[in-house]
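Worksheet: the structure to be examined is printed underneath.
The values are calculated or read from the model by the stated rules, or taken from the named source; none is laboratory data. None of these values were measured; they are calculated from a predicted model. Quick reminder, even Gly has a Cβ in these numbers, built from the backbone with ideal geometry, and neighbours come from all protein chains shown.
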């Protein structure tokens with residue numbers, strides 16, 4: 001087979017791939033998670049391949065433009081400094097010190113956490129659409145934002161592995177996917193960090209946390225999570241005793257879920273556990 005034939009074959013493959021992409025975009029167009037409008041096709045077709053890592057410069061902007069309107073992106077309530085140095089929730093004027101009220105009163109099993117969006121009405125609608133209306137396409141945006149904002153922090157921590165908060169088998173069967181797992185996989189691809197989905201399992205079919213008050217949430221999750229010994233053994237065998245793990249979840253409110261997943265990992269011998277959540281409630285905006 002000569003070089004010219006190989007070039008023609010390669011060009012044909014690219015053309016087929018491009019035609020396939022156009023067909024998908026025409027049949028199932030990406031919509032802005034804020035306003036619901038279809039993203040212009042010229043933006044969608046020139047989206048960088050996010051499986052190759054976190055884009056930079058103009059490519060990063062092109063990636064955002066393919067997933068959300070520029071004006072609508074400004075509507076997202078990003079968590080900004082000052083934040084609680086432990087859980088990463090937004091701090092407000094009048095709050096004392098560098099810890100939020102919850103973290104001043106509770107001992108956390110994770111070392112620190114970062115959260116991306118304030119859980120206001122808009123953020124709630126986007127995450128609810130992902131969880132309950134099968135809007136899985138919004139996960140690309142959430143993963144991109146998380147990797148963009150906290151990629152440097154994650155790298156500085158020396159994170160070896162990302163572990164998503166698991167859902168119970170019954171809920172997984174009903175929903176068809178675990179949104180925390182999809183977010184973890186997206187972030188892992190962008191930052192070139194492996195994701196382990198079989199280290200922790202949920203053995204208790206709990207009530208949705210949003211249906212419970214603060215005091216009931218921890219009780220609801222007691223004995224809900226369990227590590228998988230064979231998987232933990234493989235992790236420690238590969239990374240050694242000083243392995244650093246990032247637990248990924250969608251919403252942080254009281255911290256009960258992240259605390260108990262982290263505690264199960266620590267008890268299994270994982271030395272350093274951190275957290276990353278897409279959104280966090282505050283004293284002003286709480287999960288209802």
Subject >> Looking only at region 155-177, and only at residues there that are within 16 Å of residue 224 (Cα to Cα) and part of a loop (DSSP other than H, G, I, E, B), the one that is modelled with the lowest pLDDT >> reply: 168
**OP:** Answer with yes or no whether residue 151 is on the phi > 0 side of the Ramachandran plot, in the same structural domain as residue 190 (by TED's automatic domain parsing) and touching a helix residue (DSSP H, G or I) at 6+ places or on another chain (Cβ under 8 Å).
**Re:** no
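Return yes or no: is residue 187 assigned to a strand (DSSP E or B), in contact with a helix residue (DSSP H, G or I) (Cβ under 6 Å, 6 or more places away or on another chain), modelled with pLDDT of 90 or more and surrounded by 20 or more Cβ atoms within 10 Å (Cβ to Cβ)?
On the way: assigned to a strand (DSSP E or B): no; in contact with a helix residue (DSSP H, G or I) (Cβ under 6 Å, 6 or more places away or on another chain): yes; modelled with pLDDT of 90 or more: yes; surrounded by 20 or more Cβ atoms within 10 Å (Cβ to Cβ): yes.
Against the criterion (assigned to a strand (DSSP E or B), in contact with a helix residue (DSSP H, G or I) (Cβ under 6 Å, 6 or more places away or on another chain), modelled with pLDDT of 90 or more and surrounded by 20 or more Cβ atoms within 10 Å (Cβ to Cβ)), residue 187 does not qualify.
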Original post:
Only one residue in 91, 67, 76 is in contact with a strand residue (DSSP E or B) (Cβ under 7 Å, 6 or more places away or on another chain), surrounded by 13 or more Cβ atoms within 10 Å (Cβ to Cβ) and over 30 Å from residue 270 (Cβ atoms), so which one is that?
Top reply: 76
Subject >> Failed criterion for residue 97 (all others in (1) over 23 Å from the mean Cα position of the chain (by Cα); (2) surrounded by fewer than 17 Cβ atoms within 10 Å (Cβ to Cβ); (3) at pLDDT below 95; (4) farther than 30 Å from residue 257 by Cβ hold) >> reply: (4)
